[in-house]
Amino acid sequence: MAQSQRLKAGILGMGTMGSKYAAILLAGKVPGMELAAVTRVKQETLAAIHLTLPQTLPIYPSAEELFSALDRGELHLDAVIIATPHRFHEEQALAAMKRGIHVLCDKPAGVFSRQARTLEESKPSELICGFVFQQRTFPAYQKIRQLVQGGTLGKIKRVSWEITSWYRTNAYYQSTAWRGSWKLDGGGTLLNQCPHNLDLLQWICGMPVRTHAFCHNGKYHPIEVEDEVTAYLEWGNGATGIFTASTGEAPGVNRLEIAMDDGLIICEPEEIRVCRLDRPEIEYRNQPGTGQDFQVPPGTWESFPMEKDPDAYTTLLHNFASAVLSSQEADLIAPWAEGRKSLLLSNAIYLSSWKDETIQIPVPNSLEEKKFEQEFEQRFEALCNQSKPL
C-alpha cells in the first residue's frame with residue numbers, strides 16, 4: 001500500500017475508548033487513516049465527549065453485521081480498531097484477519113494467554129496487527145527502559161511496583177452487569193486495571209520466570225473477582241520482585257522501584273529519580289575492612305519529570321497507520337506477539353493464587369506453555385461455573 005493512500009478504518013465498539021478513537025480520526029489527527037464505519041453506537045457516550053458522527057458514516061448494530069456488509073461488498077475496510085469488551089477480542093480479530101483486514105486491538109487480547117497465541121499463529125504474513133499499549137509512548141517509561149536495558153547501571157537486582165491508586169467504588173462495579181464476574185469480566189484488578197502495568201513491567205525488565213501470588217477476591221467490594229493482588233516474582237538472573245495492586249485503597253500509591261547493580265530508579269506520578277553509584281557496588285562489598293562497616297556507597301542523584309504522552313492514543317494510531325502503509329510490522333509500538341506476554345504473566349499470577357504454589361511462567365511456544373494454558377482454562381471454567389446468576 002502506497003504511503004500516499006489513506007486507510008479506511010472501522011471501529012468495533014463505540015463505548016468510551018471506541019468513541020475516543022473515532023474523535024481522533026474525525027479530527028484528522030491521523031493523516032494516514034480515515035473513519036469509514038462504526039458499530040454499537042451509544043448516543044450518551046457520544047454526548048459525553050461532544051462528538052457528532054457524520055450522517056454519511058455507515059453505522060452497524062454489531063461487529064457481525066459489519067463483517068456481513070464486507071462479505072456482501074457493501075463496505076470496504078483496510079483496517080479495524082477493536083474496542084469491544086475483551087471477551088470478544090479473539091473472535092473479532094480472527095474474523096477481520098480472515099477477510100484480509102489489518103487489526104489494532106485494545107488490551108488485553110482476551111482472558112487467556114492461549115487467545116493471544118492463537119491470534120499470533122493465525123495472522124497472515126501480509127497483515128499488520130498490533131495492540132493498544134499506548135503507555136509505551138510515554139517518554140518517562142522509554143527513559144527508564146533505556147536505563148535498564150542499556151547496561152550503564154548493571155543488571156536488575158530487585159523490582160517493586162505498588163500500584164494501589166486504582167480506587168473503585170461499589171457503584172463502579174454495579175454500573176454494568178459484566179463487571180466483577182468471572183464469566184463476563186474474566187478477572188478483576190489484574191485483567192482490567194493492570195494490563196498496562198504488567199506490559200510495562202515485562203517491557204522494561206523482561207519476563208519473570210516464576211511467581212508465587214495471592215489474589216484476594218471481593219476483599220473490599222461485593223464482587224466475585226480479585227480487588228487486591230500481591231505477587232512475588234523472580235527473573236532468570238536471580239532478580240526478585242513484588243507487584244501489588246488494589247482497587248480498595250485510598251488514597252493509594254503508584255511507585256515503581258528498580259534496584260540495579262550500580263544504582264536505583266524510583267518512578268512516582270510526579271517525578272523519576274535515578275541514583276548512580278560512583279563505582280560498582282560489588283567493589284564496596286568486597287573491599288577489605290576499613291573500620292567503616294556501615295558506610296553506604298555514595299552516589300549521585302538526578303531527577304526528571306514523569307513525562308507522559310498527552311496524545312498517546314493519537315501517537316499509537318499514527319504508528320499503526322504508518323506501519324500498515326509502509327508494510328513494516330517491525331515499526332509497530334506493540335505488535336501482535338506482545339499481547340501474549342502480559343497475559344502469560346497475569347494468568348500465572350492467577351494460577352499461583354488458585355493453587356497456592358509457585359508457578360513457572362512458561363516460555364512461549366514450548367510444550368510447557370500448552371500444559372499451562374490447559375490447566376489455567378480448566379480452573380477458570382470451574383470458577384465460571386460457580387458464578388452467581390447476574
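Anisotropy class assigned to the range 86-230 is oblate, per the alpha carbon gyration tensor with a/c at or over the 1.5 cut-off and a/b no larger than b/c.
What are the membrane-span-like helices in the chain by this rule: whole DSSP H runs, Cα extent along the axis at least 20 Å, mean Kyte-Doolittle hydropathy at least -0.5? Those that pass (Cα extent of 20 Å or more, hydropathy at least -0.5) are 312-326, 339-355.
Once C-alpha pairs closer than 8 Å and six or more residues apart are averaged by separation and normalised to the residue number of the range 201-343, the relative contact order reads 13 percent.
Annotation: per residue accessible area for the range 35-91 equals 54 Å², rounded to a whole number [probe 1.4 Å, protein chains only]. Accessible area per residue was computed with a 1.4 Å probe on protein heavy atoms; residue 102 scores about 20 Å². For the range 258-332, chymotrypsin sites (Phe, Trp or Tyr not before Pro) meeting the loop criterion (DSSP other than H, G, I, E, B) and having at most 12 other Cβ atoms within 10 Å: 294. Computed extension length for residue 287-residue 121: 54.5 nm, one decimal, from 0.36 nm per residue of separation with the Cα-Cα distance subtracted.
Semi-axes of the equivalent ellipsoid of the chain are 38, 25, 20 Å, computed as sqrt(5λ) over the eigenvalues of the C-alpha gyration tensor in descending order.
In a DSSP loop and with at most 12 other Cβ atoms within 10 Å, the GluC sites (Glu not before Pro) in the range 20-77 are 74. Residues of the range 339-380 with backbone nitrogen within less than 12 Å of a virtual label 7 Å along the Cα-to-Cβ line of residue 202, please, listed as ranges. Under 12 Å, as judged by backbone N against the label point of residue 202, lie 339-349, 361-365 of the range 339-380. For the chain, what relative contact order do you get, as a whole percent, if you take Cα pairs closer than 8 Å and at least 6 residues apart? It comes to 19 percent, rounded to a whole number.
Taken along its principal axes, the alpha carbon cloud of the range 241-390 reaches lengths of 66, 47, 40 Å, longest axis first. Heavy-atom accessible surface of residue 262, to the nearest 10 Å², is about 30 Å², with a 1.4 Å probe and all protein chains retained.
Note on residue 65 and residue 261: their simple-model spin labels are 6.0 nm apart, each label 7 Å out from Cα toward Cβ. A straight chain from residue 210 to residue 377 at 0.36 nm per residue would run longer than the Cα-Cα distance by 58.2 nm.
Per-residue ellipticity at 222 nm computed for the chain from its helices equals -10500 deg cm²/dmol, with DSSP H segments shorter than 4 residues left out and the rest contributing -39,500 (n - 2.57). Across 29, 20, the residue with the most accessible area heads the list, and the full order at a 1.4 Å probe is 29, 20. Taking all protein chains into account, the per residue accessible area for the range 334-390 stands at 50 Å² (1.4 Å probe).
For the range 306-390, what is the relative contact order in percent, using Cα pairs closer than 8 Å and at least 6 residues apart in sequence? It comes to 14 percent, rounded to a whole number.
Taking 0.36 nm per residue of separation and subtracting the current Cα-Cα distance, fully stretching the chain between residue 52 and residue 253 would add 68.6 nm. When 306, 33 are compared by accessible area of protein heavy atoms, the largest-first order is 306, 33, using a 1.4 Å probe. Per atom type, the chain shows carbon and sulfur on 50% of its accessible surface, probed at 1.4 Å.
Note on exposure: 164, 244, 152 ranked by accessible area (1.4 Å probe, complete protein assembly) read 152, 244, 164, with the most exposed listed first. Distance distribution P(r), the range 25-121, all Cα-Cα pairs, bin width 5 angstrom from 0: 2, 11, 21, 24, 19, 15, 6, 2, 0 percent. Once you have a ≥ b ≥ c as the square roots of the Cα gyration tensor eigenvalues for the range 190-284, tell me rounded if a/c is under 1.5, and otherwise prolate or oblate according to whether a/b is larger than b/c. Note, shape of the range 190-284 comes out prolate. Could you tell me which of 101, 88, 112 has its Cα farthest along the dipole of the range 67-117 towards the positive end, charges placed at Cβ (Lys, Arg +1; Asp, Glu -1), taken about the Cα centre? Final value for the positive-end residue is 112. With only Cα atoms counted, the range 293-358 has Rg and Dmax values of 20.5, 61 Å.
The values are calculated or read from the model by the stated rules, or taken from the named source; none is laboratory data. From a predicted model like this one, the values you see are computed outputs, not experimental measurements. Cβ sites come from the backbone with ideal geometry, for glycine too, and all protein chains shown count toward neighbours. Quick note on the areas: whole protein, heavy atoms, side chains included, nothing else; ligands and nucleic acids left out. Shrake-Rupley method; radii C 1.70, N 1.55, O 1.52, S 1.80 Å.
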